[in-house]
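For reference, the structure discussed in these notes is given below.
The values are calculated or read from the model by the stated rules, or taken from the named source; none is laboratory data. A quick note: this is a predicted structure, and the numbers were derived from the prediction, not measured. Neighbour counts are summed over all protein chains in view; Cβ atoms, including those assigned to glycine, are modelled from backbone coordinates with ideal geometry.
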Amino acid sequence: MDTSSNTPSNFIRAIIDEDLATGKHREIVTRFPPEPNGYLHIGHAKSICLNFGLAKDYEGTCHLRFDDTNPEKEEIEYINSIIEDVHWLGFDWGEHLYYASDYFEQLYGFAVELIKQGKAYVCDLSAEEIREYRGTLTKPGKNSPYRDRSVEENLDLFARMRAGEFEEGSRVLRAKIDMTSPNVVMRDPALYRIRKVEHHRTGDEWCIYPMYDFTHCLSDAIEGITHSICTLEFENNRPLYEWILDQVYPEPHPQQIEFARLNLSYTMMSKRKLLDLVNRGIVQGWDDPRMPTISGLRRRGYTPASIRDFAERIGVAKANSIVDVALLEHCVREDLNKTAPRTMAVLRPLKVVIENYPEGQVEELEAANNPQDPDAGTRKIPFAREIYIEQEDFMEDPPKKFFRLAPGREVRLRFAYFITCTDVIKDEDGNIIEIRATYDPETKGGSAPDGRKVKATLHWVAAEQSLPAEVRLYDHLFTKEDPNEGDVEENLNPNSLETLTEARVELNLATVEPGDRFQFERQGYFCVDQDSTKDKLVFNRTVALRDTWAKVQNQ
RNA sequence: UGGGGGAUCGUCUAAUGGCAGGACGGAUGACUCUGACUCAUCUAGUCUAGGUUCGAAUCCUAGUCCCCCAGCCA
């Protein structure tokens, strides 16, 4: 039974519950079967969480299997990244790491068996001819002239295909099913093709490679997979999946179940198009923090827990849909709110000189590391006569609802003092370059003994006693909810990356390491980038805090 | 035009003939040393038309719209 009470039900769980209840299976075995031809993205994460999650909840097993039957597109680099990403997401396959290429010899045996049964034949038609013979969606196909070769001849030809006697593309092994089937997939599909290409695992051992349809069902069967979960576009292939197993593999057979792949608003999910973004230099690489890849999300600062939570919340169904990226952002905020230490960083600094604060004096103030988590403790931050606040936290002529700093107005500096703006200093062009203020020594720590309140609390850093930093602000890569509509180029968001080079951060951040995550108070969640060094700190904004003031402003 | 699937608040997803529920988003308010968090209230949906039934998102009939399939890719 389903032992997980907090995971919402879905149609796949219903099938599993039924199979367990009727005794069809005693335990379940699933698998995640990536082709190592690219990096994993958030859509794969949905599948990973589904398959590994099911195995975990039902106390079954989930295999990681590389579907490596097309040596032309596949690379070791991708295998390594996939292994890293699945692990990072928090899943473990134990000893169940498999490669379809490990089954090549067995697969060959099944093909021979099929030939012996008279259900497969070597076809000498060219690729183009095969297409012509296949017919169309509305017109039936016609039989290949090679369809009725004898078993002996087929056996001989297939062996010689393997032996490398024939040119690439000169022959294929085909299943003998039904050229008039209304399902095009069943019109004598190719099972093996000749490719004289080095395979990243089997080297030059093979020059014939099995097709997906032949490989996948048999690999599932060999591994004892009970529920073979894949995406909707394979629905048409299911009859072939079952046909192949029916011919050559003893029961019980794995059951293929299809679900709708993930689409995210403002996000591109196709591997081909993502590769294109990388190749054209539109993004910096597969792990560019704007990419929906697992490695991009990791570099952006997303947590594995937040992605797992997301995968659970979006559910599993058969209807095509586009999930609002705001849900993903909500998930990471929720996770980071509980776990990320707070710190103060001023992204666009504006100097404030506190006129009645003694020159040269520096005092240490105590700040909570995470108000959501008392166990996170406190830290000391230096306060001095000259500090920086955020440019947007001051307005000379504030509108009604603005309650941050303005001439004559008093606000709180977080964990520090109340200050009152006394003067505004501008350059020749009228730009505000400095604020003059006074502080109330009685308000040390941030509260007034007389009980008076201030409307706003600002974050700040001491001017001298702070560190310079580069901060990278990210936004959606595309301006359109569905970037697949229309031209990719035109849908690109020109402001998907804004680099701030003048930011100042707390002295406490001197020792951070790449991957460390923080909340910059009142700003958002940030993560130390891999480009960061001791001399040049670099932070990525994972996601901004919700900002109701920004909404008010936009009205 | 053949075949295979799908349609429930703006979005995602439950409800398996018996009160259409949850989450995100949005709105309003409370709280607040983060305009954050939290909390409260509100918002808003069964593709259409018939039928069966005491009762239909669910069953039947007829439509409509959307997705997938004609690689020696997966």
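Away from RNA strand B (no atom under 12 Å from the Cβ) and among the hydroxyl-bearing types (Ser, Thr, Tyr) - does that describe any residue in region A:317-324? No, region A:317-324 has no match at all.
Test A:Asp482 against the criterion of being in the same structural domain as A:Pro289 (by TED's automatic domain parsing), under 23 Å from the mean Cα position of the chain (by Cα) and over 26 Å from A:Leu274 (Cβ atoms), and give yes or no. Spelling it out, it is not the case that A:Asp482 is in the same structural domain as A:Pro289 (by TED's automatic domain parsing), under 23 Å from the mean Cα position of the chain (by Cα) and over 26 Å from A:Leu274 (Cβ atoms).
One residue alone among A:Ala55, A:Ala45 is among the aliphatic types (A, V, I, L, M), part of a helix (DSSP H, G or I), more than 20 Å from A:Glu251 (Cα to Cα) and touching a strand residue (DSSP E or B) at 6+ places or on another chain (Cβ under 8 Å), and that residue is A:Ala55. No other residue among A:Ile83, A:Ile115, A:Ile79 is closer than 26 Å to A:Asp287 by Cα and either in contact with an Asp or Glu (Cβ under 7 Å, 6 or more places away or on another chain) or away from RNA strand B (no atom under 14 Å from the Cβ) (or both) apart from A:Ile83. Just one residue in the set A:Thr303, A:Thr293, A:Thr339 is closer than 30 Å to A:Leu413 by Cα and at pLDDT 95 or above; that residue is A:Thr339. Selection of first residues in region A:310-330 that are under 20 Å from A:Thr7 (Cα atoms) and of a type in the set (Phe, Trp, Tyr) and of second residues that are near RNA strand B (Cβ under 6 Å from one of its atoms) and not in a loop (DSSP other than H, G, I, E, B), restricted to Cβ pairs under 9 Å at least 6 apart or on distinct chains, gives the following pairs, ordered by first then second residue: A:Phe310/A:Val323; A:Phe310/A:Leu327; A:Phe310/A:His330. Scanning region A:366-380 turns up no residue that is of a type outside the set (Gly, Ala, Ser), surrounded by 13 or more Cβ atoms within 10 Å (Cβ to Cβ) and either away from RNA strand B (no atom under 15 Å from the Cβ) or in the same structural domain as A:Gln553 (by TED's automatic domain parsing) (or both). Just one of (1) farther than 22 Å from A:His96 by Cβ; (2) touching a Leu at 6+ places or on another chain (Cβ under 8 Å) fails for A:Pro34. It is (1).
Here A:Gly285 clears all of (1) assigned by TED's automatic domain parsing to the domain that holds A:Asp482; (2) touching a residue at least 12 places away in the same chain (Cβ under 8 Å); (3) of a type in the set (Gly, Ala, Ser) except the condition numbered (2). Kindly evaluate A:Phe66 against the criterion of being under 16 Å from A:Thr231 (Cα atoms), in contact (Cβ under 8 Å) with a residue 24 or more places away in the chain and either out of contact with any Leu (no Cβ under 9 Å at 6 or more places or on another chain) or crowded, with 18+ Cβ neighbours inside 10 Å (or both). Judged against the criteria, A:Phe66 is not a match.
Among the residues here, A:Arg134 does not qualify as under 30 Å from A:Arg308 (Cβ atoms), modelled with pLDDT of 95 or more and of a type in the set (Lys, Arg). Against the conditions (1) within 14 Å of RNA strand B (Cβ to nearest atom); (2) touching a residue at least 60 places away in the same chain (Cβ under 8 Å), A:Asp124 satisfies every one except (2). Scanning region A:232-259 for residues being under 24 Å from A:Tyr78 (Cα atoms) and surrounded by 14 or more Cβ atoms within 10 Å (Cβ to Cβ) gives a total of 1.
Condition (residue is buried (at least 21 other Cβ atoms within 10 Å of the Cβ), part of a strand (DSSP E or B), within 46 Å of the chain's Cα centre (by Cα) and not basic (Lys, Arg)) applied to region A:422-434: is it met by at least one residue? There is no residue in region A:422-434 that is buried (at least 21 other Cβ atoms within 10 Å of the Cβ), part of a strand (DSSP E or B), within 46 Å of the chain's Cα centre (by Cα) and not basic (Lys, Arg). Before we move on, is A:Asp220 touching a residue at least 12 places away in the same chain (Cβ under 8 Å) and in contact with a Pro (Cβ under 7 Å, 6 or more places away or on another chain)? Here the answer is yes, as A:Asp220 does meet what is asked.
Does A:Arg517 satisfy the condition of being touching a His at 6+ places or on another chain (Cβ under 8 Å), surrounded by 12 or more Cβ atoms within 10 Å (Cβ to Cβ) and of a type in the set (Lys, Arg)? Steps first, please.
Numbers: touching a His at 6+ places or on another chain (Cβ under 8 Å): no; surrounded by 12 or more Cβ atoms within 10 Å (Cβ to Cβ): yes; of a type in the set (Lys, Arg): yes.
No: the conditions fail for A:Arg517.
Output yes when any residue across region A:231-245 is modelled with pLDDT of 95 or more, more than 24 Å from A:Ala120 (Cβ to Cβ) and assigned to a loop (DSSP other than H, G, I, E, B), and no when none is. No, region A:231-245 has no match at all. Entry remark, region A:127-150: residues being surrounded by 14 or more Cβ atoms within 10 Å (Cβ to Cβ), within 19 Å of A:Met161 (Cα to Cα) and more than 7 Å from RNA strand B (Cβ to nearest atom) number 4 in total. Can you find even one residue in region A:253-271 that is polar (S, T, N, Q) and closer than 19 Å to A:Ile222 by Cα? Within region A:253-271 (the criterion being polar (S, T, N, Q) and closer than 19 Å to A:Ile222 by Cα), the answer is yes, since at least one residue qualifies. Scan region A:493-523 for residues that are over 16 Å from A:Thr542 (Cα atoms) and of a type in the set (A, V, I, L, M, F, W, C) and the total you get is 6. Just so you know, in region A:531-555 the residues that are under 17 Å from A:Asp516 (Cβ atoms) and assigned to a strand (DSSP E or B) include one that is farthest from RNA strand B (Cβ to nearest atom), and it is A:Val538. Here A:Asp156 passes the criteria (1) more than 11 Å from RNA strand B (Cβ to nearest atom); (2) surrounded by fewer than 17 Cβ atoms within 10 Å (Cβ to Cβ); (3) of a type in the set (D, E, K, R); (4) part of a loop (DSSP other than H, G, I, E, B) except the one numbered (4). Selection of region A:435-467 for residues being within 12 Å of RNA strand B (Cβ to nearest atom), within 26 Å of A:Asn508 (Cα to Cα) and in a loop (DSSP other than H, G, I, E, B) yields A:Lys444, A:Gly445, A:Gly446, A:Ser447, A:Ala456, A:His459. Restricting A:Asn554, A:Asn540, A:Asn508 to those that are of a type in the set (S, T, N, Q) and under 18 Å from A:Gly285 (Cα atoms) reduces the list to A:Asn540.
For region A:485-502, filtered to residues that are under 21 Å from the mean Cα position of the chain (by Cα) and not in a loop (DSSP other than H, G, I, E, B), the residue that is modelled with the lowest pLDDT is A:Val488. Taken together, the residues in region A:381-426 that are more than 13 Å from RNA strand B (Cβ to nearest atom) and touching a helix residue (DSSP H, G or I) at 6+ places or on another chain (Cβ under 7 Å) amount to 1.
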